[in-house]
1. Once Cα extents along the principal axes in Å is worked out from the coordinates, which option in [x] 71, 47, 28; [y] 45, 42, 31; [z] 59, 41, 24 does it equal?
2. Exposed loop sites here are trypsin sites (Lys or Arg not before Pro) in DSSP loop states with at most 11 other C-beta atoms within 10 Å. What is the longest stretch of the chain lacking them?
3. If I model a spin label as a point 7 Å beyond the Cα along the Cα-Cβ vector, how far apart are those points for R31 and S5 in nm?
4. What nm distance separates the two modelled labels at D127 and F103, each placed 7 Å from Cα along Cα→Cβ?
5. Each label point is 7 Å from the Cα along the Cα-to-Cβ direction; what then is the distance between the points at F156 and R137, in nm?
6. I need the calculated FRET efficiency for the pair L15 and L44, taking r as the beta carbon distance and R₀ as 41 Å, to the nearest 0.05.
Amino acid sequence: MQSTSSDEFRDLQTLVRQSGLLAKRPAYYGRKMLLNLVLLVIALLLIKRFHGPGLELCNAGFLAFVFAQFGFIVHDSGHQQILKAPTCNEAICLVHSNLLLGFSYSWWLNKHSRHHSAPNHIPSDPDVDLIPFAFSRDQVAQKRGLTKTLSEISAFFVFSFILARGICVES
């Protein structure tokens, strides 16, 4: 009898779990959250101490990096990957999203659940409905003006975004 793809997936999932690749790593995330808070304090001190367009522009880029790190924490804790207790993961999400980033955790959870139910399916996935980008020719055709121009050239920026995300994500 031939194995089915579901059997192969189950075997792969078992191997991944036995290898410890899905194990919770609270110490790692604790260090990461502490580092993120230190970086935020540094950015706020830089804002208070230094003025001038060039310095503020550099600090804005630094803050964007710090806020992206907070977003990665929201994502991982939203997937219940930081701590064993779901309520503790949700508390981490609430602090990072609602307090530090200024967006609703419940909004993000709803949006991210819709993304996971239909990943990369243009009519259903909210993550592929981004104003300046297009993931299909139909999406480009529906846009007008500046958004159409931006979406037509967005393919040239894909590698920049991948590189930026790779720099922001620790292996």
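1. So the structure-derived entry is [x].
2. Excluding the exposed sites themselves, the longest stretch runs over 1-83.
3. 3.9 nm
4. Rounded to a tenth, the inter-label distance reads 1.2 nm.
5. So the label points at F156 and R137 sit 2.1 nm apart.
6. Working from the Cβ atoms, E equals 0.35.
Taken together, the values in this text are just the output of simple stated rules run on the coordinates, not laboratory data. The shown structure was predicted, so the numbers you read here are calculated from the model rather than taken from an experiment. Ideal geometry is used to build each Cβ from the backbone, glycine not excepted, and the neighbour counts take in all protein chains shown.
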